[in-house]
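All remarks here apply to the structure that follows.
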Amino acid sequence: MPRMRRYFNRIFPTQPKSDLNLTPFIDVLLVLLVMLILTMPIAKHSTEVDLPQGGTELPTQDVNFLRITEGGNLLWNGEPTDQASLAATVQVLAQKEEQPILRFAPDAKASYDISAKTIALLKDAGAKKLAFDGLHKHQTFGK
């Protein structure tokens, strides 16, 4: 009799099966997804943009170059200058309605102290458009 009971329990387990059948749930979700896609309106991908017609020329701006050499010398547009005359020149340029762009380019081995003092001098003189030129040269600092 025990053999028969084991065989019977194997065919008909006493515990009910507790797995959840997800197939109908997935089917319903897919149908809802298809219905959502079918009911969405088609988007129009067009935007009205007013483009310039050309013929107008952009105004050119004055550009000045300030360079500090490795020895600490200041060069204004390639000409040697000192800090006092540099301050006077920048003050005159700061009075203009449209200030020119000042491109500042210290050499790689120029003194940091002189560079910092020159930047402070430019700020105190009223320079508003200061651009650091040639930063790509300093990517390998110290080599």
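The values are calculated or read from the model by the stated rules, or taken from the named source; none is laboratory data. Because the structure is predicted, anything quoted here is derived from the model rather than measured. No Cβ is skipped: glycine too gets one built from the backbone with ideal geometry, and neighbour counts run over all protein chains shown.
Quick look at the numbers
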read-out: L121 being part of a helix (DSSP H, G or I) and modelled with pLDDT of 90 or more; value: yes
read-out: Condition check for A127: part of a strand (DSSP E or B) and surrounded by 11 or more Cβ atoms within 10 Å (Cβ to Cβ); value: no
read-out: Residues located in region 71-81, provided they are modelled with pLDDT under 90 and of a type in the set (D, E, K, R); value: none
read-out: Q99 more than 21 Å from A116 (Cα to Cα), within 29 Å of the chain's Cα centre (by Cα) and not in a helix (DSSP H, G or I); value: yes
read-out: Residue ID - modelled with the highest pLDDT, chosen from residues in region 130-143 that are assigned to a loop (DSSP other than H, G, I, E, B) and surrounded by 10 or more Cβ atoms within 10 Å (Cβ to Cβ); value: D133
read-out: Residue check for L93: within 20 Å of D133 (Cα to Cα), aliphatic (A, V, I, L, M), touching a residue at least 40 places away in the same chain (Cβ under 8 Å) and surrounded by 12 or more Cβ atoms within 10 Å (Cβ to Cβ); value: no
read-out: Qualifying residue in region 99-106 (condition: on the phi < 0 side of the Ramachandran plot, among the charged types (D, E, K, R) and loosely packed, with under 12 Cβ neighbours inside 10 Å); value: no
read-out: Residue under evaluation K109, criteria (1) surrounded by 12 or more Cβ atoms within 10 Å (Cβ to Cβ); (2) closer than 14 Å to G134 by Cβ, criterion not met; value: (1)
